[in-house]
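Structure record follows, encoded as C-alpha cells.
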Amino acid sequence: MALHKTCIATLIGTAMLASGAAGASANDSARPWMNSALTPDQRAELVVKAMTQGEKFRLIRVDFGNTDNGHVMAPGALGSAGYGPAIARLDLPALQESDAGLGVAKPHKLGATALPSGLATAASFDPAIAYAGGAMIGGEAHRRGFNVMLAGGVDLVRDPRNGRNFEYAGEDPLLAGVIAGNAIAGIQSRHVVSTIKHYALNDLETDRTTVSANIDRAAARESDLLAFEIAIATGRPGSVMCSYNRINTVYACEDGWLLNDVLKHDWHYPGFVMSDWGAVHSGAKAALAGLDQESAGETFDKEVYFDRPLRAAVASGEVPQARLDDMARRILRSLFAAGVLDHPATQSPIDFAADRKVAQRAEEAGAVLLRNHDALLPITAAQSVAVIGSHADKGVLTGGGSSAVQSPQGNAVPGLPPTAWPGPRIYQPSAPLTAIRQRAHGTVSYASGEDIAAAAKLATQAKVAVVFVHQWAAESFDRPLLALSGNQDALVEAVAKANPHTIVVLENNGPVAMPWLDRVGAVLEAWYPGAAGGDAIARLLYGEVAPAGRLPVTWPRDESQLPRPTIPGAGLAAIGLPPQGQPAQEIDYNIEGADVGYRWYQRQHLEPLFPFGYGLTYTHFAYSGFAPHAKGGKLTASFTVTNRGKRTGVDVPQLYVTLPGSKVRRLAGWCRVSLAPGQSAQLTVTADPRLLVNFDGKGQRWLRPAGDYQLQLGHSATSFEGEGKVELTATSWAADVSPAGTPQRCTAGRAANQ
Ligand code: BGC
C-alpha cells in the first residue's frame, strides 16, 4: 500500500514537471518536511533525519552578517546582524537575521520605519498597539529578505540609567511580558522568527560582557524571569537570546539552570537558544547547558566554539549526538512554526507611508503627559509659538546601538557624536517644527537653543514656548546620572522665566532629573518618538489626539532613591561623559530582589516624582462601585469608570493586589478604555494568576498563600479609588506547571452616557 502511494506521488510529480508546473510536488516527495499538514515538530524531525553531520554543524552557528569589525561579508548575506548559508541540498533557506525590536536596523543605508521606544509602546498599556508595531516591522523585515528578527527586548527596568531601557518594556513583569509577547506575536505573524532577549538580567550595560548579576533564584523567577515567562507564553518566540552577563557568577549562555532547567524544562520551551554576539565562552559546556546556536563567533568570540571544539566534543561522546540533533531540531522547528519555509522572505517593495502611520499611532498611544498646569495644553491654533531646541526643526532623536533604525530618507541630523559605535546618533526626519507650523495660525518661530539668551528672547515674543530637550542613550553604556546633558536645564529655566506658558517635550531613554519642573506649565514625555514622531507630538500638543500613555517605569526624584545610587564605571567618553571609577564585577540585585520599580518605592516608603502607571490627559476619570470577587481561585474586580471631563480620552484603570503576608502591591491586570465626555463603562479585570503566587525555592514550586488578598483600583501605583479584600485558599503548582489560566485581562459590560 505504502509503495503504491509512493508510486502515485512520483507519477504526479513527473507529470507536473512535464507540464511545466515544476517543483512543488517533486520536492514534496523528496522533501517530505515541506508538507505543511505536518506539525513543526514532525517537519523538523524529518529534516534532522536527512541531515549530514556537517549540515547540522553548519546550522548551529551563524556568521556576522555585515562588514563591521573588519568582517568579510559572505556573498549571500544582506548586510545585517547574522547570516547562516542556505543548505541547498535540503532546500533550507539561508538564515538572514536582523536587529531589532524597533525596526529593521540594518543595512542603515536602505532605511526602514522606526517605531518609537519600547517604553512608548509599553506606556500605551495596549497589547494591540504592540502587536501592530511587531507586525509592521516584521513585514518590513520579510520584504527585505530577513527571516529572523532579533527583537523582543524584555529585560526589566531596574535602573532608569540603563542605556538600553528604550528597547525594553518597563519595570513590571506583567506589563512587560504582555507588551513584548504581543510585539513578538506581531513579528511572527509575518513569517519571521522573533527572538526574545536578553535572557536574562542584562539590566545594566556597564561592563555587560563580564559583570555578574547576583540575585536569589526565587526572586529572579518572580521578576525578570516572570517577564520572560509571560512574554514567551504570549508570543511564542522561535528563539531566546541568552545575554552577555553572568548570573550568580555563571555566564548566561552556559547556565544550565537558566537554559535547561527554567526555560526548557519548567516552561516547556520548544524553540532554540541563540547567543548574543560575543556571549559564548565554551563549546561542550554551553551546548550541555542548553545553548543551541552560536552567533557570529568568528567575529566576536575567542573562537567558534560550536565548530571545531564542539565537533571534537561530539566525536568523543562528551556531548551526546542526541544533543546535537536536538539543537538542529529546535532551530528547524522554529523556522517551520513561523512559516519561514512556507512563506519565504523575498525582497519586495515596502509601503513606507502606511508603516509610518503604525509608528505614529504607537507614539500617540504611548506619549505620557506628566504635567499640565492650568490646562496649558492643548495649544490652540490661534496661539503664536516659539519652538526651541533639540533640532526640532529637523527631526526627532533615536536611541543608539544595534537597534537604531535609520529612515529611508536618511539621518536628519548627521555627524553628531559618537560617529563610531554605539553611534551613529540618528534623527528621524519628522520635524516637530514643520508639524506645528501646519497647525498654527499664529506665528511660529524657531531657536536652536544653543544661545540661551536668544532662545529666551524668542520665547518672550510668543504666546507659548515649546522647549524640546533630549537625552541620547545607547547600547553598551549607562548614563552615570539622571541629569540632562549640556546646558539644557539652564535653557529650560531661562525660557520658563521668559514665558509662563512653557511646555517641555522630552525625547529620552526614560526618567531624567527635571529641576525646573515646578516652573514650567506642561511636560510631555515623548520617549524616542519614532518615524512619525514630529507629527505625533504636534497632534498631541494641539489636542487632535489626547495623550493616553501611562508610565511603565517609576520616575525617581533623584539618584538617592534608586536601589543602587551609583553605577561605577558608567559613561561614554565620546559624548563627554567619561566613565568614573572602575566598573563593578558584581551587581547586587538582591537589594531590591523581586521588588523592582514601584514595589521598591513602596517597600522603602519612598515617594517618587511620578509613580508607575501615572499619566494625565485632557480629561479626567472617576471610578465607582468597586466590587472584588473570588471564585474557584479566580480573582476579579468589577467597577464603573466615568469620563468626568469635557473631552474624549483614554483611561487605564489598574488593578493592584497585595498578597497575604506581603508589604508590596503588584499590578495584576488593567483595562484600557476610550470614553466620550460623560460616558461610563462597566469593566471587569481578572487578576493574572501568575501574579498571585510566590516562588518557593526550597520546594521548587509556585505557592498561592491562604488568606486575604487586598485589591486596589489605581489611577497609578500610588493613587487609588476603590479597594477591598477577598479570601483565597492555599494552592501550589510544581515549577513546571504554570498557574496561568486563559488570561482575559479586561472585559467590558454596558457602556452608558450620563
Ligand atoms: C546586542 C543584541 C543584538 C546583537 C546583534 C548585540 O550587541 O546585545 O541585542 O541583537 O548585538 O546585533
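Here, each number is a calculation from the coordinates, and none is a lab measurement. Since the model is a prediction, treat every value here as computed from it, not as a measurement. Because the Cβ atoms are built from the backbone with ideal geometry, glycine has one as well, and the counts that use them run over all protein chains shown.
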*Calculate how steeply helix 2-18 sits against the longest principal axis of the alpha-carbon atoms of the chain, using the helix alpha-carbon long axis, and give the answer as 0 to 90 degrees to the nearest 10.*
70
*asked:* For Cα pairs less than 8 Å apart in space and 6+ apart in sequence, what is the mean separation divided by the residue count of the range 621-753, i.e. the relative contact order in percent?
replied: 28
*For the range 329-377, just say rounded, prolate or oblate: build the C-alpha gyration tensor, square-root its eigenvalues into a ≥ b ≥ c, call rounded for a/c under 1.5, and beyond that prolate if a/b exceeds b/c, oblate if not.*
oblate
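About the Cα centre of the chain, how large is the charge dipole given +1 on each Lys and Arg Cβ and -1 on each Asp and Glu Cβ? Please answer in debye to the nearest 20. If you can, show how the numbers build up before the last one.
On the way: 66 positive and 70 negative charges, 307 e Å.
Dipole magnitude for the chain comes out near 1480 debye.
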*Under a straight-distance cross-link criterion of Cα-Cα below 12 Å, which aspartates and glutamates are reachable from K631, leaving out those fewer than 8 residues away in the same chain?*
E727
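Just add up the charged neighbours of R550: K/R +1, D/E -1, any other residue whose Cβ is under 12 Å from the Cβ of R550.
Working: positive: R672; negative: D126, D172, E525, D651.
Summing Lys/Arg as +1 and Asp/Glu as -1 gives -3.
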*Taking K634 as the anchor, which lysines have their alpha carbon closer than 23 Å to its alpha carbon, excluding any fewer than eight residues away along the same chain?*
K663, K725
*Could you go through the range 573-578 in sequence order and give the Karplus-derived ³J(HN,Hα) for each residue, using 6.51 cos²θ - 1.76 cosθ + 1.60 with θ = phi - 60°, rounded to whole Hz, and x for Gly and Pro?*
4, 4, 10, x, 10, x
*Check L577: other-chain or 5+ apart residues with amide H under 5 Å from its amide H, H built from backbone geometry?*
L572
*Amide H to amide H under 5 Å from W670: which residues, 5+ apart in sequence or cross-chain, H placed 1.01 Å off N in plane?*
L655
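Write down, largest first, the equivalent ellipsoid semi-axes of the range 367-541 in whole Å, where each equals the square root of 5 times an eigenvalue of the alpha-carbon gyration tensor. Before the final figure, lay out the partial values.
Numbers: eigenvalues 128, 63, 40 Å².
Here the semi-axes work out to 25, 18, 14 Å.
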_Within 13 Å, Cβ to Cβ, of G317, how many net charges do the neighbouring residues add up to if Lys/Arg are +1 and Asp/Glu are -1?_
+1
*Using only the alpha carbon atoms of the chain, find the Kirkwood hydrodynamic radius as the inverse mean reciprocal pair distance, in angstroms to one decimal.*
26.8
_Given contacts defined as C-alpha pairs under 8 Å and at least six residues apart, what's the relative contact order of the range 367-541, whole-number percent?_
32
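Rounded to the nearest 500 deg cm²/dmol, what is the calculated helix-only ellipticity per residue at 222 nm for the chain, with -39500 (n - 2.57) per DSSP H run of length n ≥ 4? Can you show the working numbers first?
Values: 19 runs with 195 residues, N = 754.
Value at 222 nm, helices only, nearest 500: -7500 deg cm²/dmol.
How do 151-164, 649-662, 728-741, 237-250 rank on mean C-beta neighbours within 10 Å, highest first? Show your work: numbers first, answer last.
On the way: 151-164: 28.2, 649-662: 22.1, 728-741: 14.4, 237-250: 23.8.
So the peptides 151-164, 649-662, 728-741, 237-250, ranked by packing, come out 151-164, 237-250, 649-662, 728-741.
Test of understanding: ordering T640, T210 by Cβ neighbours within 10 Å, fewest first, what list do you get?
Values: T640 20, T210 11.
Final ranking by Cβ density, sparse to dense: T210, T640.
Fully extended, how many nm does the chain gain between V250 and N69 (0.36 nm per residue separation, minus their Cα-Cα distance)? Before the final figure, lay out the partial values.
Details: separation 181, 0.36 × 181 = 65.16 nm, distance 2.74 nm.
So the chain would gain 62.4 nm between V250 and N69.
What's the local net charge at R690, with K and R +1, D and E -1, over the other residues with C-beta under 11 Å away? Don't skip to the end; give the middle numbers.
Working: positive: R221, R666, R704; negative: E222, E229, D688.
Within the 11 Å Cβ shell, the charges total 0.
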*Hey, what does the equivalent ellipsoid look like for the range 621-753, semi-axes from the Cα gyration tensor as sqrt of 5 times each eigenvalue, largest first, whole Å?*
31, 14, 12
*May I ask you to list the aspartates and glutamates whose Cα is less than 19 Å away from that of K106, ignoring any residue fewer than eight positions away on the same chain?*
D63, D68, E97, E140, E167, D276, D351, D355, E475
_Residue-wise HN-Hα coupling along the range 392-400, computed from phi with Karplus coefficients 6.51, -1.76, 1.60 (Hz; x: Gly, Pro)_ = 5, 7, 10, x, 10, 6, 10, x, x
*Dipole of the chain (Lys/Arg Cβ +1, Asp/Glu Cβ -1, origin at the Cα centre): which of V553, G177, A375 lies farthest to the positive side?*
A375
*asked:* Please compute the modelled spin-label separation between C746 and R647, points set 7 Å along Cα→Cβ, answer in nm with one decimal.
replied: 2.0
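Going highest first, how would you order 706-715, 676-685 by mean Cβ packing within 10 Å? Write out the running numbers ahead of the final one.
Values: 706-715: 20.2, 676-685: 18.0.
Highest to lowest by the protection proxy: 706-715, 676-685.
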*For the range 733-739, in order, what is each residue's ³J(HN,Hα) by Karplus, 6.51 cos²θ - 1.76 cosθ + 1.60 with θ = phi - 60°, in whole Hz (x at glycine and Pro)?*
10, 4, 4, 9, 10, 7, x
*Label points 7 Å out from Cα along the Cβ direction at L606 and E298: separation in nm?*
4.7
*Considering amide H positions built from the backbone, and no H for Pro or chain starts, which residues 5 or more places from Y446, or on another chain, come under 5 Å of its amide H?*
V387
*Going by average Cβ neighbours within 10 Å, how do the peptides 606-618, 686-698 rank, with the highest at the top?*
606-618, 686-698
*Between 0 and 90°, nearest 10: helix 173-188 axis offset from the chain longest Cα axis*: 60
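Given Cα pairs under 8 Å that are at least 6 residues apart, what percent is the relative contact order of the chain?
Taking the mean separation of contacting Cα pairs over the length of the chain, I get 13 percent.
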*asked:* Between 0 and 90 degrees, rounded to the nearest ten: what's the tilt of helix 488-498 against the longest Cα principal axis of the chain?
replied: 30
_Given N residues in the range 183-265, what is its alpha carbon radius of gyration divided by 2.2 N^0.38 Å?_
1.10
